[in-house]
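Accompanying notes for the structure given below.
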């Protein structure tokens with residue numbers, strides 16, 4: 001299950017598909033990439049007695065989604081949100097490529113993630129300081145970008161001056177097909193060498 005088309009690394013989906021027969025790749029239809037199964041806002045992904053709700057959280061990229069654990073009897077409490085790069089711990093994903101839009105990201109995060117109960121656990125796609133979990137309440141108080149008004153947020157995002165991602169020219173084309181799923185076995189051998 002992919003939250004979006006990553007630009008900074010290759011998704012592991014292709015390798016998992018090669019090693020575990022029957023695994024299906026999942027990504028948002030809005031990402032315009034290829035996968036075995038496409039999801040949209042409001043979909044529920046069921047496994048056993050549990051489910052994850054799909055919430056559209058575009059802005060970092062066109063097709064970003066956040067997976068939120070179910071609400072109701074038998075579902076884990078506190079709830080969990082798997083935010084990809086839309087909401088990071090004390091940050092958010094950049095918005096300067098892949099259809100990113102800072103105001104769209106601001107509205108996505110505020111309407112789809114920060115409206116969850118404050119004790120909801122937030123699991124981002126990655127963190128550069130070694131943290132693995134936060135909460136909605138913590139991010140509402142301490143996120144240095146998303147605690148600002150939308151105009152200030154937009155200015156912050158426009159002035160990040162981040163370098164071009166090193167892997168973007170390799171990662172985006174590969175991730176548009178959910179990793180290696182469409183490569184022939186000969187090409188996979190070359191790619192892994």
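The values are calculated or read from the model by the stated rules, or taken from the named source; none is laboratory data. Only a predicted model underlies this, so the values are computations on that prediction, with no experimental measurement involved. All Cβ positions, even for glycine, are placed from backbone atoms using ideal geometry, and neighbour counts span all protein chains on display.
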Of the residues in the stretch 7-31 that are in contact (Cβ under 8 Å) with a residue 60 or more places away in the chain and in a loop (DSSP other than H, G, I, E, B), the one that is surrounded by the fewest Cβ atoms within 10 Å (Cβ to Cβ) is 12
Yes or no: residue 98 touching a residue at least 40 places away in the same chain (Cβ under 8 Å) and either assigned to a loop (DSSP other than H, G, I, E, B) or under 23 Å from residue 151 (Cβ atoms) (or both)? yes
Out of the stretch 123-155, which residues are free of Cβ contacts under 8 Å to residues at least 60 places away in the same chain and within 28 Å of residue 18 (Cα to Cα)? 123, 124, 126, 127, 132
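For every residue, the table says whether it meets (1) closer than 26 Å to residue 146 by Cα; (2) in a loop (DSSP other than H, G, I, E, B).
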{"position": "41", "(1), (2)": "yes, yes"}
{"position": "45", "(1), (2)": "no, no"}
{"position": "59", "(1), (2)": "yes, yes"}
{"position": "63", "(1), (2)": "yes, yes"}
{"position": "67", "(1), (2)": "yes, no"}
{"position": "72", "(1), (2)": "no, yes"}
Can you find a residue that is surrounded by 13 or more Cβ atoms within 10 Å (Cβ to Cβ), touching a helix residue (DSSP H, G or I) at 6+ places or on another chain (Cβ under 6 Å) and either assigned to a loop (DSSP other than H, G, I, E, B) or in contact (Cβ under 8 Å) with a residue 12 or more places away in the chain (or both) anywhere in the stretch 156-166? yes
Filter result for residue 128 (loosely packed, with under 15 Cβ neighbours inside 10 Å and out of contact with any strand residue (DSSP E or B) (no Cβ under 6 Å at 6 or more places or on another chain)): yes
Is one or more of the residues making up the stretch 45-61 at pLDDT below 95, in contact with a helix residue (DSSP H, G or I) (Cβ under 9 Å, 6 or more places away or on another chain) and under 19 Å from residue 125 (Cβ atoms)? yes
